[in-house]
Amino acid sequence: MKFSEKLIALLKSDPSVTVLTGAGVSAESGVETFRGENGLWRKFKPEELASVDAFLSNPELVWEWYGYRKNLICDIQPNPGHYSISEMERIFTSFYLITQNVDGLHKRAGNSRPIELHGNIMRNRCTGCDKQFENIEFSGEIDQIPTCDSCSEMLRPDVVWFGEMLPKDALEESEIAISNSDVFFSIGTSAVVQPAATMPVWAKNNGAYLVEINPEETPLTTYADEVINGKSGVILPELLREIKE
Ligand code: APR
(Lines give C-alpha, C1' and ligand atoms only; values in the text may rest on other atoms or scores of the structure.)
Protein backbone atom coordinates (compact mmCIF):
# COMPACT_ATOMS: atom_id res chain seq x y z
CA MET A 1 0.00 0.00 0.00
CA LYS A 2 1.61 3.24 -1.11
CA PHE A 3 -0.79 5.39 0.85
CA SER A 4 -1.73 5.32 4.53
CA GLU A 5 -5.23 4.28 5.56
CA LYS A 6 -5.46 7.66 7.30
CA LEU A 7 -4.84 9.56 4.04
CA ILE A 8 -7.34 7.46 2.05
CA ALA A 9 -10.01 7.81 4.77
CA LEU A 10 -9.38 11.56 4.94
CA LEU A 11 -9.64 11.98 1.16
CA LYS A 12 -12.87 9.94 1.08
CA SER A 13 -14.46 12.34 3.60
CA ASP A 14 -14.55 15.23 1.05
CA PRO A 15 -11.99 17.36 2.91
CA SER A 16 -10.78 20.78 1.80
CA VAL A 17 -7.70 20.00 -0.31
CA THR A 18 -4.87 22.28 -1.42
CA VAL A 19 -2.19 21.21 -3.88
CA LEU A 20 1.09 23.14 -4.22
CA THR A 21 3.11 22.20 -7.31
CA GLY A 22 6.62 22.83 -8.57
CA ALA A 23 8.60 22.03 -11.71
CA GLY A 24 8.67 18.30 -10.88
CA VAL A 25 5.00 17.99 -11.86
CA SER A 26 5.93 19.03 -15.41
CA ALA A 27 9.11 16.89 -15.58
CA GLU A 28 7.23 13.90 -17.07
CA SER A 29 5.94 16.22 -19.80
CA GLY A 30 9.54 16.84 -20.80
CA VAL A 31 9.95 20.25 -19.13
CA GLU A 32 13.36 20.59 -17.47
CA THR A 33 13.27 21.35 -13.75
CA PHE A 34 15.49 24.05 -12.28
CA ARG A 35 17.70 22.27 -9.73
CA GLY A 36 17.79 18.70 -10.94
CA GLU A 37 20.92 17.20 -12.52
CA ASN A 38 19.86 18.56 -15.95
CA GLY A 39 18.15 21.55 -14.38
CA LEU A 40 17.96 24.92 -16.08
CA TRP A 41 19.96 26.58 -13.32
CA ARG A 42 22.79 24.11 -13.99
CA LYS A 43 23.12 25.48 -17.53
CA PHE A 44 22.14 29.11 -17.11
CA LYS A 45 22.70 31.68 -14.36
CA PRO A 46 19.28 32.84 -13.06
CA GLU A 47 20.72 36.22 -12.03
CA GLU A 48 21.66 36.77 -15.69
CA LEU A 49 18.25 35.80 -17.06
CA ALA A 50 15.51 35.94 -14.44
CA SER A 51 15.97 39.27 -12.62
CA VAL A 52 15.03 42.93 -13.16
CA ASP A 53 18.72 43.91 -13.39
CA ALA A 54 19.28 41.31 -16.11
CA PHE A 55 16.29 42.61 -18.04
CA LEU A 56 17.24 46.28 -17.77
CA SER A 57 20.86 45.61 -18.76
CA ASN A 58 20.06 43.18 -21.57
CA PRO A 59 16.35 43.00 -22.47
CA GLU A 60 17.08 41.23 -25.76
CA LEU A 61 18.85 38.35 -23.99
CA VAL A 62 16.01 37.99 -21.48
CA TRP A 63 13.38 38.07 -24.26
CA GLU A 64 15.38 35.44 -26.16
CA TRP A 65 15.67 33.28 -23.00
CA TYR A 66 11.90 33.30 -22.49
CA GLY A 67 11.39 32.66 -26.21
CA TYR A 68 13.63 29.59 -25.81
CA ARG A 69 11.62 28.38 -22.81
CA LYS A 70 8.30 29.04 -24.58
CA ASN A 71 9.53 26.98 -27.53
CA LEU A 72 10.38 24.15 -25.11
CA ILE A 73 6.84 24.33 -23.74
CA CYS A 74 4.72 24.80 -26.87
CA ASP A 75 5.35 21.24 -28.13
CA ILE A 76 4.66 19.44 -24.86
CA GLN A 77 1.47 18.10 -23.31
CA PRO A 78 0.16 17.83 -19.76
CA ASN A 79 0.99 14.44 -18.19
CA PRO A 80 -1.14 12.09 -16.03
CA GLY A 81 -0.04 14.03 -12.95
CA HIS A 82 -1.57 17.25 -14.33
CA TYR A 83 -4.78 15.43 -15.31
CA SER A 84 -5.05 13.87 -11.85
CA ILE A 85 -4.77 17.31 -10.23
CA SER A 86 -7.43 18.56 -12.63
CA GLU A 87 -9.69 15.65 -11.57
CA MET A 88 -9.09 16.53 -7.91
CA GLU A 89 -10.68 19.91 -8.58
CA ARG A 90 -13.84 18.05 -9.65
CA ILE A 91 -13.77 15.46 -6.84
CA PHE A 92 -13.35 17.76 -3.84
CA THR A 93 -15.96 20.37 -2.97
CA SER A 94 -13.24 22.68 -1.65
CA PHE A 95 -10.08 22.53 -3.76
CA TYR A 96 -7.24 25.00 -4.31
CA LEU A 97 -4.26 24.68 -6.66
CA ILE A 98 -1.20 26.83 -5.96
CA THR A 99 1.54 26.50 -8.57
CA GLN A 100 5.07 27.85 -8.88
CA ASN A 101 5.10 26.73 -12.51
CA VAL A 102 4.78 29.29 -15.29
CA ASP A 103 4.20 26.74 -18.09
CA GLY A 104 0.40 26.94 -18.08
CA LEU A 105 0.07 23.11 -18.14
CA HIS A 106 -2.37 22.98 -15.20
CA LYS A 107 -4.90 25.11 -17.11
CA ARG A 108 -4.37 23.05 -20.26
CA ALA A 109 -5.06 19.92 -18.18
CA GLY A 110 -8.39 21.40 -17.03
CA ASN A 111 -7.76 23.18 -13.72
CA SER A 112 -9.99 26.24 -13.96
CA ARG A 113 -8.26 28.65 -11.58
CA PRO A 114 -4.66 27.77 -10.70
CA ILE A 115 -3.09 30.33 -8.33
CA GLU A 116 -0.01 31.23 -10.41
CA LEU A 117 2.47 32.36 -7.74
CA HIS A 118 5.26 33.04 -10.24
CA GLY A 119 3.15 34.25 -13.18
CA ASN A 120 2.71 32.69 -16.60
CA ILE A 121 5.33 32.54 -19.36
CA MET A 122 2.61 32.80 -22.04
CA ARG A 123 1.63 36.29 -20.81
CA ASN A 124 3.46 39.62 -21.06
CA ARG A 125 3.05 42.94 -19.28
CA CYS A 126 4.16 46.54 -19.69
CA THR A 127 7.08 47.78 -17.57
CA GLY A 128 5.48 51.23 -17.56
CA CYS A 129 1.73 50.87 -16.97
CA ASP A 130 1.48 47.14 -16.05
CA LYS A 131 -1.00 46.52 -18.90
CA GLN A 132 -1.22 42.77 -19.63
CA PHE A 133 -0.76 41.20 -23.08
CA GLU A 134 -1.24 37.65 -24.27
CA ASN A 135 1.73 35.81 -25.71
CA ILE A 136 4.03 37.92 -27.89
CA GLU A 137 6.82 36.44 -29.97
CA PHE A 138 10.16 38.24 -29.93
CA SER A 139 11.70 38.54 -33.42
CA GLY A 140 15.20 38.46 -31.94
CA GLU A 141 16.06 41.76 -33.64
CA ILE A 142 17.97 43.91 -31.19
CA ASP A 143 15.81 47.01 -31.77
CA GLN A 144 12.57 45.03 -31.79
CA ILE A 145 11.84 44.74 -28.07
CA PRO A 146 8.03 44.65 -27.88
CA THR A 147 6.55 47.89 -26.54
CA CYS A 148 3.21 48.83 -24.98
CA ASP A 149 0.50 50.15 -27.31
CA SER A 150 -0.72 52.44 -24.51
CA CYS A 151 2.44 54.03 -23.07
CA SER A 152 5.20 52.80 -25.46
CA GLU A 153 7.32 51.39 -22.62
CA MET A 154 9.05 47.99 -23.00
CA LEU A 155 7.04 44.84 -22.43
CA ARG A 156 8.39 41.99 -20.26
CA PRO A 157 7.42 38.37 -19.60
CA ASP A 158 4.65 38.26 -16.94
CA VAL A 159 6.70 36.06 -14.61
CA VAL A 160 8.10 36.79 -11.13
CA TRP A 161 11.87 37.31 -11.20
CA PHE A 162 14.30 36.71 -8.36
CA GLY A 163 14.02 39.47 -5.77
CA GLU A 164 10.55 40.52 -6.94
CA MET A 165 7.33 40.48 -4.93
CA LEU A 166 4.76 37.85 -5.85
CA PRO A 167 1.42 39.00 -7.34
CA LYS A 168 -0.73 40.37 -4.47
CA ASP A 169 -3.87 38.50 -5.56
CA ALA A 170 -1.97 35.19 -5.77
CA LEU A 171 -0.61 35.68 -2.25
CA GLU A 172 -4.06 36.56 -0.87
CA GLU A 173 -5.69 33.55 -2.55
CA SER A 174 -2.88 31.31 -1.24
CA GLU A 175 -3.51 32.53 2.30
CA ILE A 176 -7.19 31.58 1.97
CA ALA A 177 -6.21 28.13 0.66
CA ILE A 178 -3.66 27.57 3.41
CA SER A 179 -6.05 28.54 6.20
CA ASN A 180 -8.81 26.31 4.80
CA SER A 181 -6.87 23.12 4.10
CA ASP A 182 -7.68 19.78 5.76
CA VAL A 183 -5.13 18.09 3.45
CA PHE A 184 -2.18 19.94 1.86
CA PHE A 185 -0.13 18.26 -0.90
CA SER A 186 3.37 19.56 -1.76
CA ILE A 187 4.14 17.96 -5.12
CA GLY A 188 7.26 18.19 -7.30
CA THR A 189 8.95 21.10 -5.56
CA SER A 190 12.38 21.29 -3.95
CA ALA A 191 10.79 23.47 -1.23
CA VAL A 192 13.68 25.98 -1.22
CA VAL A 193 12.18 29.10 -2.82
CA GLN A 194 10.16 31.41 -0.57
CA PRO A 195 7.37 32.09 0.15
CA ALA A 196 6.08 28.89 -1.54
CA ALA A 197 8.50 26.74 0.48
CA THR A 198 6.91 27.81 3.75
CA MET A 199 3.28 27.47 2.66
CA PRO A 200 3.10 23.73 3.48
CA VAL A 201 4.44 24.50 6.97
CA TRP A 202 1.81 27.21 7.52
CA ALA A 203 -0.89 24.81 6.36
CA LYS A 204 0.28 22.08 8.74
CA ASN A 205 0.48 24.58 11.60
CA ASN A 206 -3.14 25.45 10.72
CA GLY A 207 -4.12 21.80 11.21
CA ALA A 208 -3.74 20.37 7.69
CA TYR A 209 -2.50 16.83 7.08
CA LEU A 210 0.69 17.49 5.08
CA VAL A 211 1.62 15.10 2.23
CA GLU A 212 4.79 15.39 0.12
CA ILE A 213 5.08 13.66 -3.27
CA ASN A 214 8.62 13.74 -4.69
CA PRO A 215 11.18 11.12 -5.82
CA GLU A 216 13.79 12.86 -3.67
CA GLU A 217 13.98 14.26 -0.14
CA THR A 218 13.53 17.99 0.39
CA PRO A 219 13.78 20.30 3.44
CA LEU A 220 10.05 19.64 3.89
CA THR A 221 10.34 15.84 4.05
CA THR A 222 10.98 15.51 7.77
CA TYR A 223 8.11 17.89 8.51
CA ALA A 224 5.46 16.15 6.37
CA ASP A 225 2.87 13.85 7.94
CA GLU A 226 3.19 11.51 4.96
CA VAL A 227 5.93 11.26 2.30
CA ILE A 228 5.30 9.37 -0.94
CA ASN A 229 8.53 8.85 -2.87
CA GLY A 230 8.00 8.72 -6.60
CA LYS A 231 6.91 10.49 -9.73
CA SER A 232 3.71 12.54 -9.57
CA GLY A 233 2.60 11.22 -12.97
CA VAL A 234 2.60 7.70 -11.52
CA ILE A 235 1.53 8.32 -7.92
CA LEU A 236 -1.39 10.69 -8.46
CA PRO A 237 -3.40 8.43 -10.81
CA GLU A 238 -2.87 5.56 -8.32
CA LEU A 239 -4.04 7.80 -5.46
CA LEU A 240 -7.21 8.79 -7.33
CA ARG A 241 -7.96 5.14 -8.14
CA GLU A 242 -7.75 4.27 -4.42
CA ILE A 243 -9.99 7.19 -3.42
CA LYS A 244 -12.62 6.17 -5.96
CA GLU A 245 -12.59 2.45 -4.99
N1 APR B 1 7.45 13.95 -9.98
C2 APR B 1 7.52 14.65 -8.81
N3 APR B 1 8.60 15.40 -8.45
C4 APR B 1 9.65 15.42 -9.30
C5 APR B 1 9.67 14.71 -10.53
C6 APR B 1 8.50 13.95 -10.85
N7 APR B 1 8.43 13.24 -11.99
N8 APR B 1 10.87 14.94 -11.14
C9 APR B 1 11.56 15.77 -10.32
N10 APR B 1 10.85 16.05 -9.22
C11 APR B 1 11.19 16.92 -8.10
C12 APR B 1 12.66 17.05 -7.81
O13 APR B 1 13.10 16.02 -6.94
C14 APR B 1 12.72 18.42 -7.12
O15 APR B 1 12.52 18.29 -5.72
O16 APR B 1 10.76 18.22 -8.44
C17 APR B 1 11.53 19.17 -7.72
C18 APR B 1 11.94 20.28 -8.68
O19 APR B 1 12.63 21.26 -7.93
P20 APR B 1 13.12 22.60 -8.66
O21 APR B 1 13.79 22.27 -9.94
O22 APR B 1 13.85 23.40 -7.63
O23 APR B 1 11.76 23.35 -9.05
P24 APR B 1 10.80 24.19 -8.09
O25 APR B 1 10.76 23.61 -6.73
O26 APR B 1 9.51 24.34 -8.82
O27 APR B 1 11.53 25.64 -8.04
C28 APR B 1 10.83 26.67 -7.39
O29 APR B 1 12.47 28.25 -8.22
O30 APR B 1 13.80 28.92 -9.98
C31 APR B 1 12.63 29.20 -9.29
O32 APR B 1 10.74 30.30 -10.14
C33 APR B 1 11.44 29.09 -10.21
O34 APR B 1 9.22 28.28 -9.67
C35 APR B 1 10.60 27.97 -9.58
C36 APR B 1 11.07 27.96 -8.13
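For this structure, a couple of remarks:
- Looking at region 5-104, the chymotrypsin sites (Phe, Trp or Tyr not before Pro) that sit in a DSSP loop and have at most 16 other Cβ atoms within 10 Å of their own Cβ are Phe44.
- Low-density loop cleavage sites - GluC sites (Glu not before Pro) in region 9-43, where at most 13 other Cβ are within 10 Å (DSSP): Glu37
- For region 89-132, the list of trypsin sites (Lys or Arg not before Pro) that fall in a loop by DSSP and count at most 16 other C-beta atoms within 10 angstrom reads Lys131.
- Nearby lysines by direct alpha-carbon distance to Lys131 (threshold 20 angstrom, same-chain neighbours under 8 apart not counted): Lys168
- Both numbers refer to the Cα atoms of region 129-245; Rg and Dmax are 19.4, 59 Å.
- Solvent-accessible area per residue, Å², over the chain with all protein chains present [probe radius 1.4 Å]: 47
- When the Cα atoms of the chain are aligned to their principal axes, the ranges along those axes come out at 60, 33, 29 Å in descending order.
- Spin-label pair Ser94/Glu32, simplified geometry with 7 Å Cα→Cβ offset, distance in nm: 4.1
- In order through region 60-77: 3J(HN,Hα) via Karplus (6.51 cos²θ - 1.76 cosθ + 1.60), integer Hz, x for Gly, Pro: 4, 4, 5, 4, 5, 4, 6, x, 4, 5, 5, 5, 4, 8, 5, 8, 9, 10
- Backbone N under 14 Å from the Ile76 label point (7 Å along Cα→Cβ), restricted to region 201-245: 232-233
- Using just its DSSP H runs of length 4 or more, each adding -39500 (n - 2.57), the chain gives a mean residue ellipticity at 222 nm of -10000 deg cm²/dmol after division by all residues.
- With the convex hull of the Cα atoms taken as the outline of region 18-123, the averaged projected area works out to 6.7 nm².
- Region 62-135: radius of gyration and largest Cα-Cα distance (Dmax), Å: 13.9, 42
- Rounded to the nearest 20, the Cβ-based charge dipole of the chain about its Cα centre (Lys and Arg +1, Asp and Glu -1) stands at 480 debye.
The values are calculated or read from the model by the stated rules, or taken from the named source; none is laboratory data. Not measured: the values here are computed from a predicted model. Positions of Cβ are generated from backbone atoms using ideal geometry, with glycine treated the same way; all protein chains shown enter the neighbour counts. Ligands, DNA and RNA are excluded from the accessible area calculation, which covers all protein heavy atoms including side chains. Shrake-Rupley method; radii C 1.70, N 1.55, O 1.52, S 1.80 Å.
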